[in-house]
Amino acid sequence: MDNYLAGLATEGVNPETRGIDACSTEEMVALINRQDALVAGAVGAEGGRIAQAVDLIYQCLRRGGRLIYLGAGTSGRLGVLDASECVPTFGVDPDMVQGYIAGGDIALRHPVEGCEDSEADGEALVEELAVGPDDAVVGITASGGAPYVLAALRRARERGSVTIGLCTNAGSRLEQVCDVTIAPLVGPEVISGSTRMKSGTAQKMVLNMLSTCAMIKLGKVYGNLMVDLKASNKKLRDRALRLLIHATGLAPEEAAARLEEAGGHVKLAILMEKRGLGRAEAQALLDRCEGRLAQAIEAGEEG
């Protein structure tokens, strides 16, 4: 038996749910809900470390680097999910935020036995990606001890990358290889060892904060509007139109025309409308302000 794993809080038996197999369906739901309610507080207690990680990620992205998530099992899937959602939400290049799972893409749908134990695979991924000082590598592992993740982070650190760990256990092995380790202490799972539950929820919440806060700092948000979204389907095109109407007060027909004139780019359309600029002028102003819409509007007013 592995003494490290045996000592993890997430591997313990939860005294609050010992009799869940004899519960009615409503009682099961209530038990799980009560345990889930503990997750937000556990994540909140890590606020300082999350903020530290956000600042490190932002500095890397501002220098043209990448945010790279890697993990195994549920942890890996959550990293891939967060990375994939950054493209339509914030309009970033797919290379800016990347997610990888031990065992490769097939492991997103089907378990690949033993892949999380392969240190060689973790090291090989980091070498293949040629990570360096401008990259932030986030290793996600509920136990804080997956060999694939630890080896990848160790090699990333050797190559000069920022290394960030995300787990749900205190005093994990991640702390030895990371600049910052975020560890929401969610305690034993509803079903012993099923870290897709509270641990997975906590990891998803933290990943939301890491990517969203970094993108806000990069100027991808105006107020609380995601003005850099990529309108790649009907729902997102409709959302883009509503965001433009909300930000400018234009009538729907006028907003649609302005959005088309801006090539579907909400941020550009808002600036064109608010400052009375043509598309090329507005784009040049946005570029000078590093894509920060509020700053570009103020600069236009001063000009």
| field | Every pair of residues 6+ apart whose Cβ atoms lie under 7 Å, when the first sits in the stretch 232-250 and is in contact (Cβ under 8 Å) with a residue 24 or more places away in the chain while the second is open to solvent by 40 Å² or more (accessible area, probe 1.4 Å) and part of a helix (DSSP H, G or I) | value | SER232/PRO88; LEU236/PRO88; LEU244/ARG258; THR248/GLU273; THR248/LYS274
| remark: Taking the stretch 214-224 and the residues there that are in a loop (DSSP other than H, G, I, E, B) and of a type in the set (A, V, I, L, M, F, W, C), the one that is surrounded by the most Cβ atoms within 10 Å (Cβ to Cβ) would be VAL221
| task | Look through THR163, THR181 and report the one residue that is of a type in the set (S, T, N, Q), in contact (Cβ under 8 Å) with a residue 60 or more places away in the chain, surrounded by 22 or more Cβ atoms within 10 Å (Cβ to Cβ) and over 20 Å from ALA37 (Cβ atoms). | result | THR181
| note | When GLU27 is run through (1) under 26 Å from VAL149 (Cα atoms); (2) open to solvent by 10 Å² or more (accessible area, probe 1.4 Å); (3) assigned to a helix (DSSP H, G or I); (4) at pLDDT 95 or above, the failure sits at (1)
| note | Expected single match for in a loop (DSSP other than H, G, I, E, B) and either within 15 Å of THR74 (Cβ to Cβ) or within 20 Å of the chain's Cα centre (by Cα) (or both) among GLY144, GLY139 is GLY144
| Residue count for the stretch 95-128, restricted to those that are within 20 Å of VAL162 (Cα to Cα), open to solvent by 30 Å² or more (accessible area, probe 1.4 Å), in a helix (DSSP H, G or I) and not small (Gly, Ala, Ser) | 5
| task | Output yes when any residue across the stretch 74-94 is open to solvent by less than 30 Å² (accessible area, probe 1.4 Å) and in a loop (DSSP other than H, G, I, E, B), and no when none is. | result | yes
| Any idea which residue in the stretch 244-262 is surrounded by the fewest Cβ atoms within 10 Å (Cβ to Cβ), counting only those that are over 16 Å from VAL221 (Cβ atoms), in contact with a helix residue (DSSP H, G or I) (Cβ under 7 Å, 6 or more places away or on another chain) and of a type in the set (Gly, Ala, Ser)? | ALA256
| query | Any idea which residue in the stretch 154-213 is farthest from LEU81 (Cα to Cα), counting only those that are assigned to a helix (DSSP H, G or I) and among the charged types (D, E, K, R)? | reply | GLU158
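The values are calculated or read from the model by the stated rules, or taken from the named source; none is laboratory data. Remember, it's a predicted structure, so these values are computed and weren't measured experimentally. Neighbour counts are summed over all protein chains in view; Cβ atoms, including those assigned to glycine, are modelled from backbone coordinates with ideal geometry. Heads up: the accessible areas ignore ligands, DNA and RNA and are worked out on the full protein's heavy atoms, side chains in. Shrake-Rupley method; radii C 1.70, N 1.55, O 1.52, S 1.80 Å.
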